[in-house]
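Chemist: Mind having a look at this structure? Questions to follow.
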Amino acid sequence: MDAAREAAGPHSDRALLRHCVATLAYRGAKVLRDAPDGFADFALPDAARTPAEILAHMGDLFAWALSIARGERSWHDSPPRSWDLEVRRFFEALGAFDAYLASDAPLHATPEKLFQGPIADALTHVGQLATRRRLAGAPVRGENYFVAEIVAGRVGADQAAPRREFD
């Protein structure tokens with residue numbers, strides 16, 4: 001990793017990655033919040049993943065992202081547990097990854113690879129969960145995310161209220 005590139009301050013690659021992780025947390029929190037009873041097991045035809053399986057995979061993605069950043073590259077497929085446990089595990093994994101990005105510890109992968117792998121994959125899965133919410137009869141309201149209050153380091157389930165939602 002290029003030290004000069006890393007030291008660029010608030011406009012550094014790490015700062016952008018942290019903003020991407022905060023964006024994922026904001027969008028993920030919106031889709032996960034107030035999920036109806038039984039949503040975790042909502043099934044589509046053709047053996048597609050259930051929301052609980054998708055969420056477990058998202059937690060795995062950020063455990064993997066942290067391992068890549070540390071230079072370990074360790075993957076683990078976790079079976080889904082209860083919805084509440086998986087929601088907590090997802091945000092805890094995001095928090096651990098964000099804390100590493102906020103630290104001075106070296107990145108053992110390029111920011112581009114960290115984005116194109118686990119972060120982009122998780123953004124896709126947030127969209128899958130949003131689609132499943134709609135199909136399950138519990139749609140999530142659209143939002144102008146450009147004006148959303150998304151802040152690097154805010155990576156938990158508690159997020160700012162939407163500024164401009166629409167149907």
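Throughout, read-outs are computed from the coordinates displayed, never taken from laboratory work. Given the structure is predicted, the values throughout are model-derived calculations rather than measurements. Heads up, the Cβs are rebuilt from the backbone with ideal geometry, glycines too, and the neighbour counts pull from every protein chain shown.
Chemist: Take the Cα pairs of segment 104-147, get the Kirkwood Rh, then feed it into Stokes-Einstein at 37 °C and 0.692 mPa s and tell me D in µm²/s.
Modeler: Details: Rh = 12.8 Å.
Stokes-Einstein gives a translational diffusion coefficient of 257 µm²/s.
Chemist: So, one more: With θ set to phi - 60°, apply the Karplus curve 6.51 cos²θ - 1.76 cosθ + 1.60 along segment 114-122 and write out the HN-Hα couplings as whole Hz, x wherever there is a Gly or Pro.
Modeler: The phi angles translate into 5, 6, 5, x, x, 5, 5, 4, 5 Hz.
Chemist: Which value, in debye to the nearest 20, describes the size of the charge dipole of segment 61-167 about its Cα centre when Lys and Arg Cβ atoms bear +1, Asp and Glu Cβ atoms bear -1, and nothing else is charged? Could you put the intermediate results ahead of the total?
Modeler: Values: 13 positive and 14 negative charges, 50 e Å.
Dipole size: approximately 240 debye.
Chemist: Relative to the longest principal axis of the chain, what angle (0 to 90°, nearest 10) does the C-alpha long axis of helix 13-32 take?
Modeler: 10 degrees
Chemist: While we're on this one: Which length gain, in nm to one decimal place, applies between residue 116 and residue 15 when the Cα-Cα distance is subtracted from 0.36 nm times their residue separation? Present the calculation step by step, with values, prior to reporting the outcome.
Modeler: Details: separation 101, 0.36 × 101 = 36.36 nm, distance 1.59 nm.
Length gained, residue 116 through residue 15: 34.8 nm.
Chemist: Report the per residue volume, in Å³, of the convex hull enclosing the C-alpha atoms of segment 67-118.
Modeler: Working: hull volume 4.2 nm³, N = 52.
It is 80 Å³ per residue.
Chemist: Which entry in [x] 14.2; [y] 9.8; [z] 17.2 matches mean projected area of the Cα convex hull in nm² derived from the coordinates of this structure?
Modeler: [y]
Chemist: Further question on the same structure: Considering amide H positions built from the backbone, and no H for Pro or chain starts, which residues 5 or more places from residue 143, or on another chain, come under 5 Å of its amide H?
Modeler: Sorted by chain and number, the residues that satisfy this are 166.
Chemist: Stretch residue 84-residue 109 to full length: gain in nm at 0.36 nm per residue minus the Cα-Cα span?
Modeler: Numbers: separation 25, 0.36 × 25 = 9.00 nm, distance 3.14 nm.
Taking residue 84 through residue 109 to full extension adds about 5.9 nm, to one decimal.
Chemist: Can you find, among 40, 130, 146, the residue farthest towards the positive end of the dipole of the chain? Put +1 on the C-beta of Lys and Arg, -1 on that of Asp and Glu.
Modeler: Of the options given, the answer is 146.
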